[in-house]
Amino acid sequence: MEEKNKYIAIVEQYDKQLVKAVNEKIKAGYEPYGQVVISFNEAGIIKAFVQTMMLKE
């Protein structure tokens, strides 16, 4: 059996991609930890959406 990481970060370029990825990880036993972080480039344009997740114990 593959051992899962207890703490992961999901990074996506678009918010809808992040929602899909987070929902998939919830089905795999993870839960969101903290808030979504939005990363911007030098021009102020959104570069990435990040959600940390923890494996349920």
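The values are calculated or read from the model by the stated rules, or taken from the named source; none is laboratory data. Just so we're clear, the structure is a prediction, and the values are computed from it rather than from any experiment. Cβ atoms come from the backbone with ideal geometry, glycine included; neighbour counts cover every protein chain shown. Each accessible area value is taken on the protein alone, full model and side chains, heavy atoms only, with ligands, DNA and RNA left out. Shrake-Rupley method; radii C 1.70, N 1.55, O 1.52, S 1.80 Å.
Observations on the model:
- Count of the range 12-27 residues, restricted to those that are of a type in the set (D, E, K, R) and open to solvent by 90 Å² or more (accessible area, probe 1.4 Å), is 4.
- Ile8 meets the conditions (1) in contact with a Lys or Arg (Cβ under 8 Å, 6 or more places away or on another chain); (2) surrounded by fewer than 12 Cβ atoms within 10 Å (Cβ to Cβ); (3) within 15 Å of Lys56 (Cβ to Cβ) in every case but one. The failed one is (2).
- Members of the range 1-30 that are of a type in the set (S, T, N, Q) and not in a loop (DSSP other than H, G, I, E, B): Gln17, Asn23
- Any hit, the range 31-49, residues being part of a helix (DSSP H, G or I) and at negative phi: no
- Selected residue (criterion: farthest from Ile8 (Cα to Cα)) from residues of the range 34-46 that are loosely packed, with under 13 Cβ neighbours inside 10 Å and in contact with a strand residue (DSSP E or B) (Cβ under 9 Å, 6 or more places away or on another chain): Asn41
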